[in-house]
Amino acid sequence: MRYKPSIKTISGFFGITRGQAQLIRSVMDSATNNKAIDSAMDCLNTLLEGYGVEACRGEWWTNVFWLDINLIYVNMGDTYTGTILYNPRAERFILSSWGDFVERHPERFE
């Protein structure tokens, strides 16, 4: 089961309306398998007006779909700007900056 932040958490994190947060959450809810994550992240990039979806590669792990991808995120233009991340190992969406995530998990990234 994939963890997703609540509508209230999304709204507060981005400073957006409840309706906008519900739309973001519904996109997260639509990501029911690994391939759907890619589509959901593209849609989230559009909603957040980001600069594309990017991946952080690191150590290989035993998932044949993700291989060495340890993090997927919407690029917001700065390493420490808040965004939506997807952690394939934990199967969860995270609200954070990708820089903070990498610093918290140095063992996974080169």
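Comparing Ile69, Ile16, Ile24 in a Gaussian network model of the chain where C-alpha atoms under 10 Å apart are linked, the largest mean-square fluctuation is found at Ile16. For the chain, averaging the sequence separation of C-alpha pairs within contact (under 8 Å, six or more residues apart) and dividing by the residue count gives a relative contact order of 23 percent.
Seen through its C-alpha gyration tensor, with square-root eigenvalues sorted a ≥ b ≥ c, region 1-57 comes out oblate because a/c lies at 1.5 or above while a/b is not bigger than b/c.
Remark: region 72-79, residue by residue, has Karplus-estimated 3J(HN,Hα) of 10, 8, 7, 6, 9, x, 8, 4 Hz, where x stands for each Gly or Pro and the curve is 6.51 cos²θ - 1.76 cosθ + 1.60 at θ = phi - 60°. At an R0 of 22 angstrom, the distance between the Cβ atoms of Ile16 and Tyr51 translates into a FRET efficiency of 0.75. Which of these values of Cα Rg over 2.2 N^0.38 Å was calculated from the structure shown: (i) 1.56; (ii) 1.90; (iii) 1.01? Checked against the structure: label (iii).
Note on the chain: with a GNM built from Cα contacts shorter than 10 Å, the maximum mean-square fluctuation among Asn70, Asn87, Asn33 falls on Asn33. Between Leu71, Leu47, Leu95, the residue with the greatest mean-square fluctuation in the GNM of the chain (Cα pairs under 10 Å linked by springs) is Leu47. Rounded if a/c is under 1.5, else prolate if a/b beats b/c, else oblate: with a ≥ b ≥ c from the C-alpha gyration tensor eigenvalues square-rooted, which is region 68-110? Oblate shape, in that a/c is at least 1.5 and b/c is the bigger or equal ratio.
Read the figures in this text as sums done on the coordinates, not as results from a lab. Predicted model only: the values in this text are computed from it and were never measured. Note that each Cβ is placed from the backbone with ideal geometry, even for glycine, and that neighbours are counted across all protein chains shown.
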